[in-house]
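Presented below is the structure to which this report refers.
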Amino acid sequence: LLSASSPLTTTNLIVNTYSEVIFTLNPNGRVITGNTDSRIQKAAAANNTLVATHSISVSSTENDVRWYAIDLSSGTPVLTDQGNISAGDGTYLMYPGIDINSNSGIGITYIRSGTDTSTDYMSMYVTGRASSDPPGTMETPVIVPAGRGVTTYSDFTASGREGDLTGISVDPGDGSFWAASQYANTDVSANWGTAI
């Protein structure tokens, strides 16, 4: 438990190189939000493994999701796995959430938009991995649900928000994952929705 007398120890871990995220774009090239950065916003632990995720830039036209697995069993954190989730050039993966269950399964959710197609509106995706999957990989992402349009988000200005409250958590009953995130819809009174 944390207390005023709890000792704090810092451990530096060497991860693959990355750059700060770039603004996320709609299919028409319009900025959804400029209120972004590459901070880790979600981490979780189970079975002496800490997992964490954040958004990174891999080029001037692509943001990926980066994730890490860190072994805590020795008392000194050791990076044991890391990987990127990518949708390719002209796509912007943002606001990932991550969790790990008691079977060491990892779940991730994030928001995707892009200029790669005329319909890559702000959409919610989920993915994950079992402990037996190859290192550095996640399973093929699943769209849940697809954004449906409206490229003029009146409530998403360059300094506004997009989806930094995206999250995922483990169901304590069966170890499955619950995810919540935002997506673009066509409701005239609220041009974005929340999916669970």
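The values are calculated or read from the model by the stated rules, or taken from the named source; none is laboratory data. Please read these numbers as outputs of a predicted model, since none were measured by experiment. FYI the Cβ positions are ideal-geometry reconstructions off the backbone, even for glycines, and counts take in every protein chain you see. Heavy atoms of the whole protein, side chains included, go into the accessibility calculation; ligands, DNA and RNA do not. Shrake-Rupley method; radii C 1.70, N 1.55, O 1.52, S 1.80 Å.
Share of antiparallel DSSP beta bridges in the chain, in percent to the nearest 5?
Details: 50 of 52 bridges.
If we restrict to bridges inside the chain, about 95 percent are antiparallel.
At 7 Å along the Cα-to-beta-carbon direction for both Leu79 and Ser118, put a label point, then send me their distance in nm to one decimal.
In this crude label model, Leu79 to Ser118 measures out at 4.2 nm.
When the gyration tensor of segment 52-132 is built from Cα positions, what are the square roots of 5 times its three eigenvalues, in whole Å, from largest to smallest?
Numbers: eigenvalues 152, 38, 15 Å².
The answer is 28, 14, 9 Å, longest axis first.
Using a 1.4 Å probe over the heavy atoms of the protein chains, calculate the carbon and sulfur portion of the accessible area of segment 11-165 as a whole percent. Don't skip to the end; give the middle numbers.
On the way: 3530 of 6980 Å².
Carbon and sulfur atoms account for 51 percent of the accessible area of segment 11-165.
When the Kirkwood hydrodynamic radius is evaluated over all pairs of different C-alpha atoms of the chain, what value in angstrom, to one decimal, is obtained? Let's see the in-between values first.
On the way: mean 1/r = 0.0575 Å⁻¹.
The Cα-based Kirkwood calculation yields 17.4 Å.
Defining a contact as two alpha carbons under 8 Å apart and six or more residues distant in sequence, what relative contact order in percent does the chain show? Provide the component values of the computation, followed by the final result.
Numbers: 499 pairs, mean separation 36.3, N = 196.
Result for the chain is 18 percent.
Can you give the FRET efficiency for Ile40 and Leu8, using 1/(1 + (r/R0)^6), R0 = 22 Å, r = Cβ-Cβ distance, to the nearest 0.05? Could you put the intermediate results ahead of the total?
Numbers: r = 17 Å, r/R0 = 0.79.
Once the sixth-power term is evaluated, E becomes 0.80.
Going highest first, how would you order 176-186, 125-135, 61-71 by mean Cβ packing within 10 Å? Could you put the intermediate results ahead of the total?
Details: 176-186: 19.0, 125-135: 15.1, 61-71: 21.8.
Per-residue Cβ counts within 10 Å, averaged per peptide and sorted highest first, yield 61-71, 176-186, 125-135.
For the peptides 42-53, 97-108, 8-19, what is the packing order when you average, over each peptide's residues, the other Cβ atoms within 10 Å and list the highest mean first? Walk me through the numbers on the way to the answer.
Working: 42-53: 17.4, 97-108: 20.9, 8-19: 8.9.
Output ranking for 42-53, 97-108, 8-19: 97-108, 42-53, 8-19.
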